[in-house]
Each structure stands twice: as structure tokens, then as C-alpha cells.
Amino acid sequence: MNAYDAARMADVLGQQGYAATDSVEDADVVVLNTCHIREKAAEKVYSELGRLRVLKGERRAEGRDTRIVVAGCVAQAEGAEILSRAPAVDVVVGPQGYHRLPELLEQSRAKRVVDTEFPVEDKFDHLPARRNKGVSAFLTVQEGCDKFCAFCVVPYTRGAEVSRPVAAVLAEARALAEGGVREVTLIGQNVNAYHGAGADGEPATLADLMGAVAAIPGIARIRYTTSHPNDMGEDLIRAHAEIPALMPYLHLPVQSGSDRVLAAMNRRHTGDTYRRLIDRIRAARPDIALSSDFIVGFPGETDAEFEETMRLVADIGFESAFSFKYSPRPGTPAAERPDAIPEAVKSERLAALQTLLDRQRHAYQNAAVGQATEILVEKAGRHPGQVAGKTPHMLAVQVDAPEASIGTLLPVRIVEAGANSLFGERLPEKAAA
Ligand code: SAH
Ligand code: SF4
């Protein structure tokens, strides 16, 4: 979602005549779009701001002005504290207020500004048309979270769950398709809790929304992220069998395999309900590739409980996954617990889990060698004459093909698994399975 928000901030500033630059030394405005999910991400912001302060001083010496903006969830959580810790910052703006960037930048000429209110108006009603669309684009359909997992800051930084109306999502999706986008990833902190108002004013489900997006000419592929196990409705599971454009890939965070830890995390599902849910999803779409998030070293987690996570991973089998050491976040219930796990134990558990997950990822990639599939070509490849794209199962593939194939679906056979991506060869049209 930060990638989406960053693109939209570029749209807002683009309307003011600003253009994006790859080099921070050239920038008249630097926006740090920040993440507060773990301590490490939040701390990076301050080290980056230290560097930007030096740059700002150098540019000032050359008679050039530099505005520094901190946006995103660190801005939301820390607000005015950022101004006192980082003297170079001109504007602090939360994730719900960035449509106001032009006026905030203007105000900051007189006085440094902090805008972390949840505004009454909806930012989406004030954002300009999207630029720089590419082949594959994110589209925010839902924001915020009402789940309050004991470790997580999202309900505090992104606020309560809000779904955009179906018509607003479809208008943005149509504009993306007209601009050449072929794949849309519907995003939200809790995307499968989507319940935006439909044409009749009644709430639509994510599956309803996908059906409508799939009908837009030009849209070949739909993905969605991130989902919560408790919101995998029957119609969403069915959509995986019934909507051909919906890709056979699901990111479904489980966090832990231990029921005691899951309860302490306030996840409101168990290892067993997750396993049975996966069985139902696989019954609807047998080839679905699975991905998940894991936290190791949640306060009080025993060795035996960690082993239950390892067992769940071994039983289910994931194509890919994100795994993290528990990081205490200010203001969350888990941060208050006295039974923190020592850093060394967390590191050991993370290494063991990542070894298992890596093995599964490699096994999945190796099993793909020899298979005929189809990639959506997204960009030029690493070497001249090559292009890069993804399979329906999200495997990154490099293949020899002209750049003119960017934006098309290309039948390929996977011929080799490298360290970070797969290599494919083109198949004649229609030969793909
Ligand atoms: N809404 C999604 C994910 C939100 S945050 C969900 O419910 O699953 C993305 C991931 O960051 C989480 O799935 C979790 O694995 C991780 N995460 C969140 N808070 C964390 C914390 N305090 N310490 C470590 N990892 C955390
Ligand atoms: Fe955080 Fe996801 Fe839990 Fe919401 S459901 S509190 S975003 S981990």
C-alpha cells in the first residue's frame, strides 16, 4: 500500500508541475513514505532524515530550497515528535491526508506543518488521475483494520476499516486499463473484509468486486492482498474456481501454528481452522500457490510452540512467505507483556523457519522447470533481448523476447531455475497449457 500511496503522491505533485527524479540530490521536494509496522522500519526514517539534513544544507549553500516531507504511518504515529527529532523536516502528513500535499508545502514556507488528522473528506475524491501506470498496478479498495491483533499498529495508524464504493474502484480500474494496465492487484490492510457500497447501495463483497473488475476490457489478471483467514468468505473461495482472471495465488497470513500463541495474539483463528480453510481453498483451486506471514518470538512463545509453527509450514507447503522477529510496538497490548523472548532466541527461531521456507520456495521453483505456462510481460529483462514477467503463480521469469512484447501474455516453457528467477523459452502462441 505504501507503493500505491507513493504513486498517488507523485500524481498529486505531478499536477503541480513536479516531475519524479531518481536522484535525491536533484529533488526540490523529498517525500519519505514511511512504515511503522516494525521498529527497524521506523528507525530507518531517522537515519535517512539525518542524511537529508546534510543534503538540504548543501543545497541551501548553493541557493536551492529543499522541502522535506515525512508521510505514511511513522508520520501518523509520531506526528510532532518528528519535527523535534528531525530539524530538517518541513511537513509531516499521515496516510489519509496526502491529497493536501500542495497546500501543506505552501504553508510550510511560513511554518513547519503537521497534518495527522483523519480528515472528514475522502482523499480518493481529491486525487488527480493516475500517471505512470505500467503493466501491473496496485489499486487500493479498502483501508484500515478493526481486528486489533495484539502485536499490530495498523488499526492505530491506518484507522478503522473503510471500503471504497464499487463505482469508484471500477472507475479507477477502467482508467488503468485504458492506460495499458493488464493486471490489477486490489489492495487493503484487510482486503477480503471489503464491503464497499454497490450500485444498489447494498454492500458488495470482494468477490462481487472482482467479478466486475474482470469484466473490464483489457484487464487480463486480478490479484488481491492482504487477506485475513477469518474473512475468506465462501464466495471468495468460489471466485478462485469461477473467475478465470483471478490468479491462482493467495497471500494468507497465519502468523503462528500454535493455538495458545494465536489466542494471545488475538488472531481469533486456530492452526486447525487455518488448515481446514486451506483444504477448502485447494478444493476450489487445486493448483493455488500459497504465501503467508509469520512472527517468531511473540512474548511467551515456547520452543514447543515455535515447533508447532514449523509443523504447520511443513504440512501446508508455501511457495513464498514473509517471516519476522516479533517487534514490540508502542501502544499495542503485546508490548506491555513482561515475558519477552530474548533476541538471540528470536534470531535462532527465525533462521530455522527461514531455512524451511527457503527450501519450500526452491522446491516449488524447481518443480516448475519443464512446465508450460504463460507470463505477463512487465518490463525489459536483465540482459539485452530479454524481457521479464510473472506466471499466474507469481514466479518471476526471464525470457528472450522483444521489448514489444511488454504488456502481452506470452506462452513460455520454464527451462531453468536460477537463484532469484526462472528462465523460460517462448512457446508458439496457443501452445501453453
Ligand atoms: N493485515 C495483514 C498484515 C498486516 S502487517 C494481516 O492481518 O495479516 C504485515 C505483517 O507484518 C503481518 O502479517 C505480521 O506478520 C507482521 N507484523 C505486524 N506487526 C508486527 C510486529 N509487531 N512484529 C513483527 N511482525 C509484525
Ligand atoms: Fe494488523 Fe492484520 Fe491483525 Fe489488522 S488483521 S491488526 S492489519 S495483523
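Where a number appears in this text, it was derived from the coordinates with a stated rule and is not lab data. Keep in mind that this is a model prediction, so the values were computed, not measured. We place every Cβ from the backbone using ideal geometry, glycine too, and count neighbours over all the protein chains shown.
Can you give the net charge of the other residues whose Cβ lies under 12 Å from the Cβ of V113, counting K and R as +1 and D and E as -1? Value of the local net charge: 0.
Label-to-label distance for E58 and R359 is 4.8 nm, based on points extended 7 Å past Cα in the beta-carbon direction.
Label positions at D400 and F124, each projected 7 Å from the Cα along the C-beta direction, are separated by 4.6 nm.
To the nearest 0.05, what FRET efficiency results for Q15 and T302 with a Förster distance of 41 Å applied to their C-beta separation? In this case the efficiency is close to 0.15.
With a simple spin-label model that places each label point 7 Å from the Cα along the Cα-to-Cβ direction, the separation between D146 and N366 comes to 4.7 nm. Counting only residues at least eight positions apart within a chain, or on another chain, the lysines with an alpha carbon under 27 Å from that of K40 are K56, K147, K325, K346. Across the chain the C-alpha pair distances fall into 20 Å bins from zero in the proportions 23, 56, 21, 0 percent. Charge tally for I288 (other residues, Cβ to Cβ under 14 Å; Lys, Arg +1; Asp, Glu -1): +1.
Taken about its Cα centre, the chain carries a charge dipole of roughly 540 debye when the Cβ of each Lys and Arg holds +1 and the Cβ of each Asp and Glu holds -1.
Overall dimensions of the stretch 129-247, expressed as equivalent-ellipsoid semi-axes from the Cα gyration tensor (√(5λ), whole Å, largest first), are 23, 16, 14. Between A344 and E103, residue separation times 0.36 nm minus the direct Cα-Cα distance comes to 82.0 nm. Rounded to the nearest angstrom and listed largest first, the equivalent-ellipsoid semi-axes of the stretch 2-115 from its Cα gyration tensor are 19, 17, 14.
Summing charges over all other residues whose Cβ lies under 10 Å from the Cβ of V29, with Lys and Arg as +1 and Asp and Glu as -1, gives -2.
Of the residues H393, H362, the one with the fewest other Cβ atoms within 10 Å heads the list, and the complete ranking is H362, H393. From most to least packed by mean Cβ count within 10 Å, the peptides 34-40, 61-67 give 34-40, 61-67.
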